[in-house]
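Quick note: the coordinates plus some simple rules give every number you see, no bench work behind them. This structure is a prediction, so every number in the text was calculated from the model and none was measured. For neighbour counting, all protein chains shown are included, and Cβ atoms are generated from backbone atoms with ideal geometry for every residue, glycine included.
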Amino acid sequence: MYLKFCLLFLLVTTSGSPEKWAGTTLPEWIKGRFTDGYGNNYSVTDELFFMEPRAKYHIISWNEKEQYLLTRNDQKNPSEKGLYTRIDFMQFKGMEPYGWGFCLTVYNAEDTVSALKFPQADRDNPKKGCGGFPFSRMKRRVN
């Protein structure tokens, strides 16, 4: 575990990317309670991306410029327990009530370095840019 942390630290500090660590503030538009286009519910905080009621992804870091969250899968998730997930995201324009979308670009990486090396989602094609599937569209929940 110490070695993985050191590798992630070196990757981030030598890449020059504007990496934000869990505990810092995510953009307000991505935080809150949401429903996707399929009726599934989510809660997003600075520390957790929660696909209610079962799958929790603990945010390790995020990159606003490259638009991704790097997370560790909760040990109690139904599958891929303790592995790493990169969640690519994007804001939408003209798709109200959907303000943004996400893609689980990789959800079963062995470590953070592998998750970061995985090819990013195609934001130029949100209808098929998530491995041939659409980004999950998110709208804010009122309740």
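Quick notes
- The eigenvalues of the Cα gyration tensor, multiplied by 5 and square-rooted, give the stretch 16-140 an equivalent ellipsoid with semi-axes of 20, 17, 15 Å from largest to smallest.
- Proximal charge balance of residue 76 [Cβ under 13 Å; K/R count +1, D/E count -1]: +2
- Length released on extending from residue 117 to residue 91, taking residue separation times 0.36 nm less the Cα-Cα span: 7.1 nm
- Cross-link partners of residue 117 among aspartates and glutamates, defined as those whose alpha carbon lies under 17 angstrom from its own and excluding same-chain residues fewer than eight positions apart: 19, 64, 66, 88.
- Multiplying the residue separation of residue 124 and residue 48 by 0.36 nm and removing their Cα-Cα distance gives an extension gain of 24.7 nm.
- Projecting the Cα positions of 35, 121, 103 onto the charge dipole of the stretch 16-140 (unit charges on Cβ atoms of Lys, Arg, Asp and Glu, taken about the Cα centre) puts 35 furthest along the positive direction.
- Simple spin-label estimate for residue 108 and residue 65 gives 3.3 nm between the two label positions (7 Å along the Cα-to-Cβ direction from each Cα).
- Pair residue 41, residue 139: separation of 7 Å Cα→Cβ label points (nm): 1.7
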